[in-house]
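This report refers to the structure that appears directly beneath it.
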Amino acid sequence: MAIYLGLDSSTQSLSAIAIEVTDASRRVRFERSIAFDTGFPDYGTRHGVLPSPDPLVAASSPLMWAEALDRMMGLVATEGGFDPADVSAIAGSAQQHGSVYLNASALPTLVALDPARPLAHQIAGIFSRRESPIWMDSSTASQCQAITRALGGEEAVGTLTGSRAFERFTGPQIRKFFETAPDAYARTARIHLISSFLASLLVCGEAPTEPGDASGMNLMDLARHRWADAALDATAPDLAARLPSVVEPWTVVGPLARYWTERYGFAPAPVVVWSGDNPSSLVGVGIVDEERAAISLGTSDTRFGLMRGYRTDPAGTGHVFGAPTGDYMSLQCFRNGSLARERVRDRFGLDWRGFSRALETTPPANGGAIMLPWFEPEITPPVAVPGARHYGMPPDSGAVHVRAIIEAQMMAMARHASWMGTRPRVIVATGGASGNREILQVMADVHQAEVWRLPLGNSACLGAALRACHADRRRTRRPISWTEVVAGFAGAEAADRIRPRSDLEPRYRALADVHEACEAHALGLGPDPGERLAAWRRAFPAE
Ligand code: XUL
C-alpha cells in the first residue's frame, strides 16, 4: 500500500494529511490540525504570533513549531488508522518568508538525537535567535530601500528575484538581523526558511530548499534557480555560507531519521524537500498547467496560477514564485476582499442570504455601475489613501452596490493578472466566500471560465501529500504525470462546476475597459471616464 504524508506548518497551526494512492483508489486516510495557541499555550502565541509592543513586528517560536511536529508525527503513528511503516514518502510546506537561525551546535545535536526523549527538550540550544520573524512582519522598510538601491531599483529586484523588495520577505529580514544584532548574526551557522528547518528536523541533518519557497526571499535568481550573488551582497556579509542549497522541487532530501523511526515506528521513508504554502496550494487545488488558475476569497483575495515561462509583473504588485512542477507560479494579492464585501453587506443591513439575493436580482454588468472597493489601503493597484470610489452608481440601491463590489473585484482580478499572459479555462475557487454560489457565478461570467469548487479545504497540506506522491513515483522510476497525481483529489471529477454564460462575454469585455478607465481616473492617471461609461450604456442598453 502507498500512503503519502503531507504536513503544513501555517501561521496558526500544524496540519497533516495522509493520502492513499493505489491503481484502484485514491482517498484521504487521515486529516488533523493542531492550533498553536491552544495546543502549546506555554509559548504564549496569539493566532500563532508572539506578543510584541511594536505593531510592525511579528515573530513566532521555532521551538514551538518543532514541538508541534513531534506531537503530530506521534498522532499520525497512533491515530492514522494505518501502520506508520506503510508511509512511502513525506513532504511538507510552511508559511512563506519566515526564517530560523541556527548556531554551529545544530547539526551535531540533530545527528545525536535520542528517540526516547522529546525533540524540543533536546534542541532548545541550537538557535542563534530564539524568535523567528514571520510573513506578518512589516518592520523592514529601511532594509527594503537599501537592498533596492543596491540592486538598481524596484524593477531590477523584481526581474531578478520574482518580486520587488517586500518587508516580509526573508532577505530584508536577514539584513535587519545583521544590522541590529551583529554578534548573533556572527554566531549563526545556518539560516533556514521555516520549511527547510522542519525538513531538517525530519532528516536530522541540513535540508536544502527549492525554488518555490526560496523565491520568497528576494535572494534567488528565479530564472536560474540559484542564489543571486548581487542580492546576497546587498543583504548581509558572508550570507552564501549560511543559506541552504537550492534543489529541484521533487528532490529527496534524505530518509526519515532514526529519531522518528524508533520513536514512532515509521520506516526510513524518503523525505521530499519542503516548499512554501502557496506553491504547495497550487498543486493542492489541481493547478498543474496554464489551463487552470485559482482565486482564494479570504480576508484578502488572492489570485494565483501557473506560468510555463518566466514573466514578472511590470506594475510591481505581483509575485512570481517557483512552482512544484518546475514551472513558475504567479500570485497577486488584493487587500479589499471579505472585509470589503462585509462593509457593503453591513451598510445595507443584509445577511449573506440577502447578499446572494441581490446578486440574483440585478442584471449582469449592473447597467454599467462601477465601484472601486478600496475601503482599506489597497495592494493591487497600490492605493495609499483608502476610500471606495463610485462611477455611475445610484447611491442608495443596496442590490446595485452588492453586484458592483463583486463585479469590481472580479474585473480587477482579471485585469491585473493579464501580465501573466495566460487565459485559464478553469478557475478553482477557494476560501470562505467560495461557499456562495452567486458570487462564483459572477466569477465565471466575468472571467468567462468554468469555476470549480473542491471538497478538501486544506490545499497546502494536500499539496504536500501530492508532492510526496509525485516525487516517490519519480524516484522509483514509475513516474506519473502531474495531471494523474492530482486526479481524484483536485481534478474535474472531484469538483462542483459552475459554467460561464458565454452571451455575457462582449458586455463584460467592454465593461472591463470602462473599469480600467475609472481606475486610472481614481488614481489620478487618466481623464474623467464619464464619456466611456455613457458609450458603454449606449452599446448595452438596459433590457
Ligand atoms: C505570501 C504570504 C502568505 C504566507 C502565509 O507571500 O506572505 O501567503 O505564505 O502563510
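List the pairs whose first member sits in region 118-144 and is open to solvent by less than 30 Å² (accessible area, probe 1.4 Å), whose second member is basic (K, R) and within 14 Å of the ligand (Cβ to nearest atom), and whose Cβ atoms are under 7 Å apart, counting only residues at least 6 apart or on separate chains?
D137/R168
Here are some conditions: (1) part of a loop (DSSP other than H, G, I, E, B); (2) polar (S, T, N, Q); (3) open to solvent by 10 Å² or more (accessible area, probe 1.4 Å). T159 meets all but one. Which one does it not meet?
Status for T159: all satisfied but (1).
Which ones in region 62-94 are open to solvent by less than 10 Å² (accessible area, probe 1.4 Å) and among the polar types (S, T, N, Q)?
Result: S93, single match.
Give the number of residues within region 413-429 that are basic (K, R) and either touching a helix residue (DSSP H, G or I) at 6+ places or on another chain (Cβ under 7 Å) or within 23 Å of L372 (Cβ to Cβ) (or both). Show your work before the answer.
Applying the first criterion (basic (K, R)) to region 413-429 yields 415, 423, 425.
Those left that are additionally either touching a helix residue (DSSP H, G or I) at 6+ places or on another chain (Cβ under 7 Å) or within 23 Å of L372 (Cβ to Cβ) (or both): 415.
So the count comes out to 1.
Considering only residues that are open to solvent by 40 Å² or more (accessible area, probe 1.4 Å) and either assigned to a helix (DSSP H, G or I) or of a type in the set (F, W, Y) (or both), which ones fall in region 495-517?
Residues satisfying the conditions are S502, D503, E505, P506, R507, R509, D513, E516.
Being in contact with a Ser or Thr (Cβ under 7 Å, 6 or more places away or on another chain) and not hydrophobic (A, V, I, L, M, F, W, C) is the filter here; which residues of region 372-418 pass it?
Within region 372-418, T380, P381, P382, R403, H416 qualify.
Do you know which of the residues in region 145-156 that are within 19 Å of V320 (Cα to Cα) and part of a helix (DSSP H, G or I) is least open to solvent (accessible area, probe 1.4 Å)?
The residue in question is I147.
Going through region 296-315 one residue at a time, which ones are within 14 Å of the ligand (Cβ to nearest atom) and either modelled with pLDDT of 95 or more or open to solvent by less than 10 Å² (accessible area, probe 1.4 Å) (or both)?
Result: D301, R303, F304.
Which pairs have Cβ atoms under 8 Å, sit 6 or more apart or on different chains, and link a residue in region 164-184 that is over 16 Å from V100 (Cβ atoms) to one that is open to solvent by 50 Å² or more (accessible area, probe 1.4 Å) and assigned to a helix (DSSP H, G or I)?
R164/E154; R164/E155; A165/Q145; A165/E154
Select from region 97-131 the residues that are within 16 Å of the ligand (Cβ to nearest atom) and either assigned to a loop (DSSP other than H, G, I, E, B) or farther than 24 Å from F169 by Cβ (or both) and list them in ascending order.
H97, G98
Which of (1) open to solvent by 10 Å² or more (accessible area, probe 1.4 Å); (2) touching a residue at least 60 places away in the same chain (Cβ under 8 Å); (3) under 28 Å from the mean Cα position of the chain (by Cα) does H47 not meet, given it meets every other one?
For H47, the exception is condition (2).
In region 162-194, which residue that is under 28 Å from R311 (Cβ atoms) and assigned to a helix (DSSP H, G or I) is farthest from the ligand (Cβ to nearest atom)?
At the first step, the residues of region 162-194 found to be under 28 Å from R311 (Cβ atoms) are 162-175, 193-194.
Next cut, assigned to a helix (DSSP H, G or I) only: 170-175, 194.
Working: T170: 11, G171: 13, P172: 13, Q173: 12, I174: 16, R175: 18, I194: 9 Å.
Checked region 162-194; the qualifying residue farthest from the ligand (Cβ to nearest atom) is R175.
Collect the residues in region 461-484 that are open to solvent by less than 30 Å² (accessible area, probe 1.4 Å) and modelled with pLDDT under 95, keeping them in residue-number order. It would help to see each step written out before you state the result.
Residues of region 461-484 open to solvent by less than 30 Å² (accessible area, probe 1.4 Å): 461-472, 480.
Once the filter is applied, which keeps residues that are open to solvent by less than 30 Å² (accessible area, probe 1.4 Å) and modelled with pLDDT under 95, region 461-484 yields only I480.
Go through (1) more than 30 Å from P255 (Cβ to Cβ); (2) more than 16 Å from the ligand (Cβ to nearest atom) for W135 and report which single condition fails.
Among (1) more than 30 Å from P255 (Cβ to Cβ); (2) more than 16 Å from the ligand (Cβ to nearest atom), W135 violates only (2).
Kindly indicate which of A2, A35 is touching a residue at least 40 places away in the same chain (Cβ under 8 Å) and over 16 Å from S132 (Cβ atoms).
Only one candidate qualifies: A2.
Among residues belonging to region 430-460 that are assigned to a helix (DSSP H, G or I) and out of contact with any helix residue (DSSP H, G or I) (no Cβ under 7 Å at 6 or more places or on another chain), point out the one that is nearest to the ligand (Cβ to nearest atom).
Taking region 430-460 first, the residues assigned to a helix (DSSP H, G or I) are 432-435, 437-447, 459-460.
Going one step further and asking which of them are out of contact with any helix residue (DSSP H, G or I) (no Cβ under 7 Å at 6 or more places or on another chain), we end up with 435, 437, 441, 444.
Values: G435: 21, R437: 26, Q441: 27, A444: 25 Å.
My answer is G435.
If the requirement is being modelled with pLDDT of 95 or more, under 21 Å from W260 (Cβ atoms) and open to solvent by 40 Å² or more (accessible area, probe 1.4 Å), which of these qualifies: E206, E179?
Values: E179 fails: under 21 Å from W260 (Cβ atoms).
Result: E206 is the single residue among E206, E179 that is modelled with pLDDT of 95 or more, under 21 Å from W260 (Cβ atoms) and open to solvent by 40 Å² or more (accessible area, probe 1.4 Å).
Among the strands (runs of 3 or more DSSP E) confined wholly to region 316-425, which include 2 or more residues that are in contact (Cβ under 8 Å) with a residue 40 or more places away in the chain, open to solvent by 10 Å² or more (accessible area, probe 1.4 Å) and not polar (S, T, N, Q)?
Counting at least 2 such residues, we get 328-334, 389-391.
Could you list, in sequence order, all residues of region 1-24 that are open to solvent by 40 Å² or more (accessible area, probe 1.4 Å) and either of a type outside the set (V, I, T) or in a helix (DSSP H, G or I) (or both)?
Those that are open to solvent by 40 Å² or more (accessible area, probe 1.4 Å) and either of a type outside the set (V, I, T) or in a helix (DSSP H, G or I) (or both): M1, Q12, D23, A24.
The values are calculated or read from the model by the stated rules, or taken from the named source; none is laboratory data. Being a predicted model, the structure only gives us computed values, none of them experimental. Positions of Cβ are backbone-derived with ideal geometry, glycine not excepted, and every protein chain shown enters the neighbour counts. Protein only, heavy atoms only, side chains kept; ligands, DNA and RNA dropped before computing areas. Shrake-Rupley method; radii C 1.70, N 1.55, O 1.52, S 1.80 Å.
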